[in-house]
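See below for the structure under consideration.
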Amino acid sequence: MLLLLLLLGPGCGLGALVYQYPRRTICKSGTSMRMECQAVGFQATSVAWYRQSPQKTFELIALSTVNSAIKYEQNFTQEKFPISHPNLSFSSMTVLNAYLEDRGLYLCGAR
């Protein structure tokens, strides 16, 4: 079975851009998928990662602050969704061992 993860393209506000890569992807069940979030034109001290599962509203997965502990929401763990936020312009999140319940639209927001 294949799993479809869709990502939003660049967004902007106040002259700043946030790029997400890849924009869309399909991965096989049981494999992992890495997403990257790049801030352009501003320093992203905080990055929030979200998921919208089919027929549901957006859920906050976690909030990361550069060089600080990542705060995961209930039902989301570092073991399943490891996040890296090494500097003020980049963050990444991986969905490990993805299965059908992990399908949805994933996006990052930076401030």
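The values are calculated or read from the model by the stated rules, or taken from the named source; none is laboratory data. Values in this document were obtained by computation on a predicted structure and should not be read as measured data. Cβ sites come from the backbone with ideal geometry, for glycine too, and all protein chains shown count toward neighbours. The protein model used for the area step is the full one, side chains on, heavy atoms only, and it has no ligands, DNA or RNA in it. Shrake-Rupley method; radii C 1.70, N 1.55, O 1.52, S 1.80 Å.
Filter the range 77-88 for residues that are surrounded by 17 or more Cβ atoms within 10 Å (Cβ to Cβ) and either on the phi > 0 side of the Ramachandran plot or in a loop (DSSP other than H, G, I, E, B) (or both) and give the result.
Correct list: 81 only.
Give me the pairs: first residue in the range 99-111 and over 22 Å from residue 18 (Cβ atoms), second residue open to solvent by 30 Å² or more (accessible area, probe 1.4 Å) and not in a helix (DSSP H, G or I), beta-carbon distance under 8 Å, and six or more apart or on different chains, which are they?
99/29; 99/30; 100/1; 100/29; 103/4; 103/54
Sort out for me the strands (runs of 3 or more DSSP E) sitting completely within the range 15-64 that have 1 or more residues that are modelled with pLDDT of 90 or more and in contact with a strand residue (DSSP E or B) (Cβ under 6 Å, 6 or more places away or on another chain).
Fully inside the range 15-64 and qualifying: 16-21, 33-40, 46-52.
Consider the range 59-76. How many of its residues are of a type in the set (Val, Ile, Thr), surrounded by 15 or more Cβ atoms within 10 Å (Cβ to Cβ) and in contact with a Ser or Thr (Cβ under 7 Å, 6 or more places away or on another chain)?
Count: 2.
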